[in-house]
Amino acid sequence: MNTTTTTTTTGGYQERYAASLMNTFGAPKLLLTRGAGAHVWDADGKEYVDFLGGIAVNALGHAHPALIEAVTTQLQTLGHVSNFFTTAPQVELAEKLLDLLGVGVGGGRVFFTNSGTEANEAAFKLTRRTGRTHVVVAEGAFHGRTMGALALTSKEAYRAPFEPLPGDVIFVPFGDTDALAAAVTDRTAAILLEPIQGEAGVNIAPEGYLAAARRIADDHGALLWLDEVQSGMGRTGAWFAHGGITPDVITLAKGLGGGFPIGACIGIGAAGELLQPGNHGTTFGGNPVACAAALAVIATIEDEDLLEHVTVLGHKLRDGLAADPRVTEVRGAGLFIGLDLAADVSAAVVAAAQEAGFILNNPTPGRIRIVPPLVITADDVNALLTAWPGILDTAFAGEGEQP
Ligand SMILES: *Cc1c(COP(=O)(O)O)cnc(C)c1O
């Protein structure tokens, strides 16, 4: 028996992971054992401030009492019933989401799923019920990994091994209104956009782009479908990132359950009537535990005034990160932040940050993404900003010596 801490915990599990899990994600960086607020600890007892938040998922951070209470109470009461039946949390969550969207009960309908890709699958099927099949999507888009959502995702490396994918999808440059107008025709079922592209490294739609998309969709009788799986539920300091327009379809997941798996496909107005009995289904989607989790997330965001908190800390974080000249651009809204580095050293930045006790993410070789829990504190933000120049020193140290 090996008794050293490292070998019996982190090291041992890395090997066991490699032997027993499919190699879809590469080697895990850490074996994490517990969390509190925006902090997590690894098996060696090292503490990290989590600026990734489970990829924009842990809205309330780790082990938030309101989430624990809601999930525990619901599971002790009624954990799963199938969609032959309903439960109060399911109906209340649907009503609450329609409320937050500003359309209210009667203004739309919700289909619950367990993930973002499933929310997009539901929406993709919904668009087919228009009688049209053509979908216009943006370059750089990420909509998920199941076959339908993958057909709507632009990254060639993700798509190529799985072609043929469900067809009649074309991609246009993100943010280019003229290209969008040229691509949409009277046979287009839907325009699908992320208001802020997450996996591409946080690209923000230029002013007026979504309003133009709304007009173009209306001109051709097409649906406007917004994927707010990453940008929604308070991430940007607002409930949704799409601002002053009303989409026909909106998909949610990531932050919705605060870490408990749940997604939603919401049809607004007539789009909420397109899926009819027999058209779609799910065994787990809309289960009462997931819905109770989401209700707790929403109530906590309201009770703790987190939208304002996200706005304030987002400004502070963006300004602080941008102050270093090795950061060439910072983009974002609220705590949905992407930054460009002066060299393709994002992997080295993530490694140096981890060493220094901060979890960051590198969606592309030159870009860092920062999507922490919405409850992250000013002290946590200050800690990163203090460490930031040193992290960049370490990451850029090898730069001059590269071949
Ligand atoms: C993460 C993400 C998805 C996919 O969600 P999963 O829960 O991983 O299936 C879809 N769309 C966007 C915008 C995302 O960020």
message = Can you report the number of residues in region 151-198 which are within 15 Å of residue 226 (Cα to Cα) and touching a residue at least 40 places away in the same chain (Cβ under 8 Å)?
response = 12
key: Single condition residue 282 does not satisfy, out of (1) more than 15 Å from the ligand (Cβ to nearest atom); (2) surrounded by fewer than 24 Cβ atoms within 10 Å (Cβ to Cβ)   = (1)
query = Of the residues that make up region 3-20, is at least one in a helix (DSSP H, G or I), crowded, with 18+ Cβ neighbours inside 10 Å and modelled with pLDDT under 95?
reply = yes
remark   = Screening 174, 142 for residues that are at pLDDT 95 or above, within 12 Å of the ligand (Cβ to nearest atom) and not in a helix (DSSP H, G or I) leaves only 142
ask   = Within region 357-376, restricting attention to residues that are assigned to a strand (DSSP E or B), open to solvent by less than 10 Å² (accessible area, probe 1.4 Å) and not basic (Lys, Arg), which residue is nearest to residue 347 (Cα to Cα)?
value = 368
remark   = When restricted to 102, 53, 106, 37, the only residue in contact with a strand residue (DSSP E or B) (Cβ under 7 Å, 6 or more places away or on another chain) and on the phi > 0 side of the Ramachandran plot is 37
query = Among the residues of region 206-228, which ones are in contact with a strand residue (DSSP E or B) (Cβ under 7 Å, 6 or more places away or on another chain) and either within 12 Å of the ligand (Cβ to nearest atom) or part of a loop (DSSP other than H, G, I, E, B) (or both)?
reply = 222, 225, 226, 227, 228
ask   = Which of the residues that make up region 130-139 are in a strand (DSSP E or B) and β-branched (Val, Ile, Thr)?
value = 135, 136, 137
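Among the residues of region 346-356, which ones are part of a helix (DSSP H, G or I) and touching a helix residue (DSSP H, G or I) at 6+ places or on another chain (Cβ under 7 Å)?
Those that are part of a helix (DSSP H, G or I) and touching a helix residue (DSSP H, G or I) at 6+ places or on another chain (Cβ under 7 Å): 348, 349, 352, 353.
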query = Given the conditions (1) out of contact with any Phe, Trp or Tyr (no Cβ under 6 Å at 6 or more places or on another chain); (2) closer than 21 Å to residue 82 by Cα, which single one is not true for residue 254?
reply = (2)
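Filter region 260-277 for residues that are within 16 Å of the ligand (Cβ to nearest atom) and crowded, with 24+ Cβ neighbours inside 10 Å and give the result.
Correct list: 262, 263, 264, 265, 266.
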key: Filter pass, residue 249 being within 26 Å of residue 286 (Cβ to Cβ), within 11 Å of the ligand (Cβ to nearest atom) and modelled with pLDDT of 95 or more   = no
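Rundown of residues vs (1) within 23 Å of the chain's Cα centre (by Cα); (2) on the phi < 0 side of the Ramachandran plot; (3) open to solvent by 40 Å² or more (accessible area, probe 1.4 Å), yes/no style:
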{"site": "140", "(1), (2), (3)": "yes, no, no"}
{"site": "151", "(1), (2), (3)": "yes, yes, no"}
{"site": "175", "(1), (2), (3)": "yes, no, no"}
{"site": "182", "(1), (2), (3)": "no, yes, yes"}
{"site": "191", "(1), (2), (3)": "yes, yes, no"}
{"site": "197", "(1), (2), (3)": "yes, yes, no"}
{"site": "209", "(1), (2), (3)": "yes, yes, no"}
{"site": "213", "(1), (2), (3)": "yes, yes, no"}
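The values are calculated or read from the model by the stated rules, or taken from the named source; none is laboratory data. All values reported here derive from a predicted model rather than from experimental measurement. With ideal geometry, Cβ positions are generated from the backbone for all residues, glycine too; neighbour counts draw on all protein chains shown. We work out accessible area using only protein heavy atoms, side chains counted, and drop any ligands, DNA or RNA first. Shrake-Rupley method; radii C 1.70, N 1.55, O 1.52, S 1.80 Å.
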